[in-house]
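The block underneath contains the structure these notes are about, expressed in structure tokens.
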Amino acid sequence: MAGKLTFTMIKPDAVENNHIGAILQKINEAGFRIKAMKYTRLTKETAGQFYAIHSERGFFNDLVTFMSSGPIVAAILEKDNAVADFRELIGATDPTKAAPGTIRAMFAKSIDANAMHGSDSDENAEIEGNFFFSKLEQF
Ligand code: UDP
Ligand code: MG
């Protein structure tokens, strides 16, 4: 059965462009509840750890530089079928291919600076949530 939790980040481009409020509103309107949230910043080292699965990809160094370029908002979200429903809400990785009305279609500028992260499986949602939040910070 699909799990109830997913993990997200509002990425540095969307924070820089003052989209935090509009994005959180869309997340709540789509039926997600916030279980944990923090405004923080990744270093190159922690961004590299978070995206270690992509370390062999050609875009890895640019991704690490981008993700550590400014503050982010990290959050754990709750909803039935959370992972799949949240991926649908954010849209395709490349905003030019993201469906109209999705968060990336509305707020992302490019395939790299694409406004949002969303976990791709229940297993990764748990790993990623625990990367940012202790159990005592998850309500
Ligand atoms: N990315 C990129 N170029 C690419 C593919 C991905 O810069 O060709 C970046 C982009 O920020 C993306 C992240 O790497 O969100 C992780 O890639 P993934 O394929 O996991 O996409 P996502 O799950 O975020 O849609
Ligand atoms: Mg991914």
Taking a ≥ b ≥ c as the square roots of the Cα gyration tensor eigenvalues, with a/c under 1.5 meaning rounded and otherwise prolate when a/b beats b/c or oblate if not, the chain comes out rounded
Label model pair Ala22, Ala99: point-to-point distance (7 angstrom along the Cα→beta-carbon line) in nm is 2.0 nm
In terms of the charge dipole of the range 32-133, which places +1 on Lys and Arg and -1 on Asp and Glu at the beta carbon, the residue among Ile111, Ile127, Phe50 farthest towards the positive end is Ile111
Per GNM of the chain with C-alpha springs under 10 angstrom, the most fluctuating residue out of Glu128, Glu78, Glu29 is Glu29
Measuring from its Cα centre, the range 86-127 shows a charge dipole (+1 at each Lys and Arg Cβ, -1 at each Asp and Glu Cβ) which, in debye to the nearest 20, is 360 debye
Ranking Leu77, Leu5 from most to least accessible area with a 1.4 Å probe gives Leu5, Leu77
Candidates Met106, Met116, Met67; GNM for the chain (alpha-carbon contacts under 10 Å) flags as most fluctuating Met106
With +1 at each Lys and Arg Cβ and -1 at each Asp and Glu Cβ, the charge dipole magnitude of the range 1-125 around its Cα centre, to the nearest 20 debye, comes out at 300 debye
XL table Lys79/Lys109; Lys44/Lys79; Lys109/Lys135; Lys11/Lys109; Lys26/Lys135; Cα-Cα > 22 Å flagged, in table order, is Lys79/Lys109; Lys44/Lys79; Lys109/Lys135; Lys26/Lys135
Within the range 68-105, DSSP-loop trypsin sites (Lys or Arg not before Pro) with at most 16 other C-beta atoms within 10 Å are Lys97
Toy charge model, Lys and Arg Cβ at +1, Asp and Glu Cβ at -1: the range 56-139 dipole around Cα centroid in debye, rounded to 20, equals 380 debye
Full extension between Ala30 and Asp112 adds, at 0.36 nm per residue less the Cα distance, a length in nm of 27.1 nm
Mean separation of Cα contacts under 8 Å (at least 6 apart) over the residue count of the range 23-127, i.e. the relative contact order in percent, is 25 percent
From DSSP H assignment alone, runs of 4+ in the chain each adding -39500 (n - 2.57), the sum over residues rounded to the nearest 500 puts [θ] at 222 nm at -10500 deg cm²/dmol
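The values are calculated or read from the model by the stated rules, or taken from the named source; none is laboratory data. Keep in mind that this is a model prediction, so the values were computed, not measured. Because the Cβ atoms are built from the backbone with ideal geometry, glycine has one as well, and the counts that use them run over all protein chains shown. For accessibility, only protein heavy atoms count, side chains too; no ligands or nucleic acids. Shrake-Rupley method; radii C 1.70, N 1.55, O 1.52, S 1.80 Å.
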